[in-house]
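Here the structure comes first, spelled out in structure tokens, and everything after it is commentary.
The values are calculated or read from the model by the stated rules, or taken from the named source; none is laboratory data. On a predicted model such as this, the values are computed, not experimentally measured, just so you know. Ideal geometry is used to build each Cβ from the backbone, glycine not excepted, and the neighbour counts take in all protein chains shown. With ligands, DNA and RNA removed, areas are computed over all heavy atoms of the protein, side chains included. Shrake-Rupley method; radii C 1.70, N 1.55, O 1.52, S 1.80 Å.
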Amino acid sequence: MCTLLSGCTKDNDYTVTTGKGRLNIRLIADGSTQDVATRVEETLPDINDFAISVLKGDEVKYSCDKFSQYSDEVLFPIGQYTLKASYGQLHNEGFNKPCFTGLQEFSIEDQKETNVEVTCYLANVKVSATYTESFKKYFSDYSLKVNSEGNSPIQFAKEETRSCYFKPGKLTLTLNLTKRDRKSTRLNSSHITISYAVICLKK
């Protein structure tokens, strides 16, 4: 194992150039979701900040912490490979913490240049909270708590407009409400109409 650049590793011998080829990589981040309402999307992460790995079977042959560190001068032995690109961690939940992943198979031919394009899609569940004007007029105060199974809840304050990202699976929602007459109530996920108070967006 030798270090090519800061954060990049490769297990091949550079002294031999025959039986090898070069790899050109193009990454695309697709943040599209199955929206139930139109809203402004957050800025997609910079492609240069994505981590990349080149695998042969289950074995990692090359990896880079950041795509910006990748050099297309690297030579790979001929054969079949899989390019994996990723950003963020699926278990790392919170606001502005999306996780993107993408895979693409390719082959390296002797002394040829291979162009590979991989599209990375949102891997976690995107949740945002919106409220109708009628809802806002009826309640003087409101907040939402959401948590995935086994994790602590994350609170959406009254004026929160950002999206929050959770691991896929069962989500528990709790809506705390205060009416204009100052009477408070709490609704759990079994009583909340999702399309009314909360928008759940998945990959």
Exercise for the section: Return the total of residues in region 110-157 being out of contact with any Phe, Trp or Tyr (no Cβ under 8 Å at 6 or more places or on another chain), polar (S, T, N, Q) and closer than 30 Å to Tyr81 by Cβ. Expected result: 3
Problem - Criterion violated by Asp30 - all others in (1) closer than 30 Å to Asn147 by Cα; (2) open to solvent by 30 Å² or more (accessible area, probe 1.4 Å); (3) at pLDDT 95 or above satisfied - result: (3)
Exercise for the section: Answer yes or no: is there a residue in region 110-126 that is open to solvent by 20 Å² or more (accessible area, probe 1.4 Å) and among the aromatic types (Phe, Trp, Tyr). Expected result: yes
Handout entry: Complete set of residues in region 134-167 that are in a strand (DSSP E or B) and either under 25 Å from Gly88 (Cβ atoms) or under 18 Å from the mean Cα position of the chain (by Cα) (or both)
Key = Leu144, Lys145, Val146, Asn147, Ser148, Ile154, Gln155, Phe156, Cys164, Tyr165, Phe166
Problem - Pairs with Cβ under 7 Å, 6+ apart, first in region 93-109 and under 19 Å from Ser152 (Cβ atoms) and in contact (Cβ under 8 Å) with a residue 40 or more places away in the chain, second among the hydroxyl-bearing types (Ser, Thr, Tyr) and open to solvent by 60 Å² or more (accessible area, probe 1.4 Å) - result: Cys99/Tyr87
Problem - Selected residue (criterion: nearest to the chain's Cα centre (by Cα)) from residues of region 98-111 that are farther than 30 Å from Leu171 by Cα and not in a strand (DSSP E or B) - result: Glu109
Fill in the blank from the handout: Scanning region 85-97 residue by residue, those of a type outside the set (Ser, Thr, Tyr) and surrounded by fewer than 19 Cβ atoms within 10 Å (Cβ to Cβ) turn out to be Gln89, Leu90, His91, Asn92, Gly94, Phe95, Asn96, Lys97
Practice task
Only residues that are open to solvent by 60 Å² or more (accessible area, probe 1.4 Å) and either modelled with pLDDT of 85 or more or assigned to a helix (DSSP H, G or I) (or both): list them for region 184-200, please.
Solution key: Ser184, Ile194, Ser195, Tyr196
Practice task
Would you mind telling me which numbered condition in (1) closer than 22 Å to Pro45 by Cβ; (2) touching a Gly at 6+ places or on another chain (Cβ under 7 Å) Glu149 fails?
Solution key: (1)
